[in-house]
Amino acid sequence: MSGSAPREGRTILYAGISWTGTGHRVEVVDADGGEARPPAEFDASRTTDLIACLSGLDALRFTVVESTNGILDGRLMAAGLEVYRADPGVLPARPAFGAVPAAALTRAARYDRGRLTRLERRRGTQTGREDELEAWIASSADADRDAAAAGRFLFHGPRDRPDVALTFDDGPLPPYTGQVLDVLDRYGVPATFFCVGMTALAHPEELVRMREGGHALGNHTWSHPFLPELSGQELREQFGRTGASVAEASGGPPPSLFRPPYGARTPEVVGRLQRLRATTVLWDVAPDDWTMPGSETIARTVLDGVQPGSVVLLHDGGGDRSETVAALPPIIEGLLERGYRFVTVDTLASTTARSASKEPAGAPS
């Protein structure tokens, strides 16, 4: 951000960050709504510049993102910024694709501050919404089972085969995605990467490397939103544009594997995903590596939790993933010593479907 002279020495500043099909727009105002910095656009490859720009504003006290922008807050908080989430009830209606204007987020900070939620690094974007998230997921149990019976939903693979699938969310993000790929290549282990459309757009070379390395690619939405908040059209846009971005970046087809951010879903969301012919992939082992509990804790949690057929949720994007990178060798070596075989999620899903087709009628699932 450059241009007019800074005014942050005179007042508290408020920043609003919206997302678009190419990156982010940032607006910074003072307590009177006056422009403290000229609005700036940062394409998806310049997130580091965006964070540096805001980190340089000493008087900045409120950095506001909306609830459909779930990929940026961790990195902002790691830089020492106070980040607040504005939920739909505080904001005007969103377009079918994109966030509300950044100016609407600064207005929310100035006039509806009490209705914003300050995010915590160890709780992430879902800070304060954990109970709601749990209720959404619980409401979807019957829909999950129906989708699984149709071959469109997966928590884990068959428990009678020594297969395990390592999966990585929220990338690609240099340097961590490349470091994860280095470890996987060293051990000859395939994995599945659920990519965010915005980051795929920014770092296509990483997706090419994934594809060439024999890894599977999945769709993790464009901007990491809470899916139950989206309209049907918004979900279609998030899914379709991310699929197109991943396909263009990797040189392969649009992925049918899909992971909902936070695992958030309702029966309506599951139905919409089935109509999009997506295979929804959840997990049964999650060390919460994004909270950075330490590489030893990450490795131990995975090794203690894995069973035959497990899907392991890890992260290569969204923030500092150095602990995840450090945890990978002991995870891989520990599972190999136990006789596990690493497969991609699509392989696990096809094995699950074949096993289900051989079950006698009425057999328990």
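The values are calculated or read from the model by the stated rules, or taken from the named source; none is laboratory data. In this text the structure is predicted, and so the values were computed from the model without any measurement. Glycine gets a Cβ as well: all are built from the backbone with ideal geometry, and neighbour counts include every protein chain shown. Note: accessible area is taken over every heavy atom of the protein model, side chains too, but ligands, DNA and RNA are not part of it. Shrake-Rupley method; radii C 1.70, N 1.55, O 1.52, S 1.80 Å.
A dipole drawn for the chain from +1 and -1 charges on Cβ atoms has a positive end, and of 340, 223, 269 the residue lying farthest that way is 269. Residues whose amide H lies under 5 Å from that of residue 279, counting only those 5 or more places away or on a different chain, are 257, 258; hydrogens are built 1.01 Å from N in the peptide plane.
Restricting to the chain, what percent of DSSP beta bridges are antiparallel, rounded to 5? Taking every DSSP beta bridge within the chain, about 35 percent pair in antiparallel fashion. Carbon-plus-sulfur fraction of the accessible area of the stretch 102-144, 1.4 Å probe, in percent? On the stretch 102-144, the fraction of accessible area on carbon and sulfur atoms equals 44 percent. Please find the FRET efficiency linking residue 304 to residue 78, where r is the Cβ-Cβ separation and R0 is fixed at 41 Å, and quote it to the nearest 0.05. According to the calculation, E is roughly 0.90. Averaged over its residues, the stretch 211-365 has an accessible area of 40 Å² per residue, based on protein heavy atoms and a 1.4 Å probe.
Take the Cα of residue 341, go 7 Å toward its beta carbon, and the backbone nitrogen atoms of the stretch 184-207 under 19 Å from that spot belong to 187-192. Taking 57, 201, 348 as the candidate residues, the one with maximal mean-square fluctuation in a Gaussian network model of the chain, Cα springs under 10 Å, is 57.
Would you work out if the stretch 49-208 is rounded, prolate or oblate? Take a ≥ b ≥ c from the square roots of the eigenvalues of the alpha-carbon gyration tensor; rounded if a/c is under 1.5, else prolate when a/b is larger than b/c, oblate otherwise. Taking the square roots of the gyration eigenvalues as a ≥ b ≥ c, the stretch 49-208 is oblate. Residues within the reach of a label modelled at residue 248 (point 7 angstrom out along Cα to beta-carbon, backbone nitrogen below 17 Å), restricted to the stretch 84-115, are 97-98. The dipole here belongs to the chain: it is taken about the Cα centre, uses +1 on the Cβ of Lys and Arg and -1 on the Cβ of Asp and Glu, and is about 520 debye. Taking a label point 7 Å from the Cα of residue 146 along the Cα→Cβ vector, which residues of the stretch 260-295 have an amide N closer than 18 Å to it? Output list for this probe position: 265-281. Placing unit charges on the Cβ atoms only, positive for Lys and Arg and negative for Asp and Glu, gives the stretch 237-333 a dipole magnitude near 580 debye about its Cα centre. Classification of the stretch 135-208 by its C-alpha gyration tensor yields an oblate form. The axis ratio a/c (a ≥ b ≥ c) is 1.5 or more, and b/c is at least a/b. For the chain, with a Gaussian network of springs between Cα atoms less than 10 Å apart, report the residue from 92, 267, 190 with the top mean-square fluctuation. Ranking 92, 267, 190 by mean-square fluctuation puts 92 first. The alpha-carbon atoms of the chain define a convex hull whose volume equals 126 cubic angstrom per residue. Each Cα pair under 8 Å and six or more residues apart adds its separation to the average, and for the chain the resulting relative contact order is 18 percent. In plain terms, the C-alpha convex hull of the stretch 1-130 casts an average shadow of 7.5 nm² when viewed from every direction.
Multiplying the residue separation of residue 41 and residue 326 by 0.36 nm and removing their Cα-Cα distance gives an extension gain of 99.2 nm.
Of all the options 271, 309, 89, the one that moves most in a Gaussian network model of the chain with Cα springs shorter than 10 angstrom is 89. With R₀ fixed at 22 Å, the C-beta to C-beta distance from residue 277 to residue 233 puts the FRET efficiency at about 0.80. Averaging 1/r over every pair of different alpha carbons in the stretch 239-360 and inverting the result gives a Kirkwood radius of 16.5 Å. Largest accessible area first, the listed residues 107, 159, 122 line up as 122, 107, 159 when surface is computed with a 1.4 Å probe on the assembled protein chains.
Beyond 23 Å, what share of the Cα-Cα pairs of the stretch 166-322 is found? Please give it as a whole percent. In whole percent, the long-distance tail amounts to 34. In this simple spin-label model, placing a label point 7 Å from the Cα along the Cα-to-Cβ direction at both residue 96 and residue 139 gives a separation of 2.5 nm. The alpha carbons of the stretch 71-130 occupy a box of 29, 26, 23 Å along the principal axes, longest dimension given first.
Note: the stretch 89-158, Cα convex hull, 164 Å³ per residue. Relative contact order of the stretch 185-295: 27 percent, from C-alpha pairs under 8 Å at least 6 residues apart in sequence. Basic side chains Lys and Arg get +1 at the Cβ, acidic Asp and Glu get -1 at the Cβ, and with that the dipole of the stretch 116-224 about its Cα centre reaches some 160 debye.
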